[in-house]
Amino acid sequence: MKRVLMLMALISLAAAPRAMAEPPGAEPPARAKDGPRLLGEALRSGTADAETIATIVRWVLEEKEEKVAPGLAAALGAAVGNLDGGTADPRWGAAARSAIDLFVGLLDDARVHRRRDEVSVARDLAPIITAAAPAVADALREVDAPTRQAVIQAWKLFAPAMPECAR
């Protein structure tokens, strides 16, 4: 879990060079303790300045996994609340809610150090696929023939690798 969080943080660092401004071991600014709240605000608003990103990254890197996982889950849960009022494209709302619910569950698994097997994750992916199918079908009807064919070919390529319970 820490490796995944580190990767997320490193990707974010590219846009936030200020994240490394304090020397190692320095007392973090009071704002650094606001990582979970700032993350929730950034997800709700869809924006974050470099200082906010640096604070969130610092929180992910320096806080214990057992605190980061529920903080991420809470921020995602707050973002899901925005889906209830509708999205820019409501066809994707159910799929987005299902995906976020799965991710929150996986974060909870990480918090308690519970490992999941491939079959249980695939079983949990099934509702996302079911929810997304109508939106994907509509989207494929709206694209040009070469794009539609490319998506179909990609699906055929990856479908055999999926566990049976996710198909």
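The values are calculated or read from the model by the stated rules, or taken from the named source; none is laboratory data. Fair warning: this is a prediction, and the values are worked out from it, not measured in the lab. The area values use the complete protein model at the heavy-atom level, side chains included, leaving out ligands, DNA and RNA. Shrake-Rupley method; radii C 1.70, N 1.55, O 1.52, S 1.80 Å.
Annotations
- Surface composition of the stretch 42-156: carbon and sulfur atoms hold 60% of the protein heavy-atom accessible area at a 1.4 Å probe.
- Only protein heavy atoms count here; under a 1.4 Å probe, Arg91 has an accessible surface of about 80 Å².
- Pairwise centroid distance, computed over Cα atoms, of the stretch 86-133 with the stretch 30-74, Å: 21
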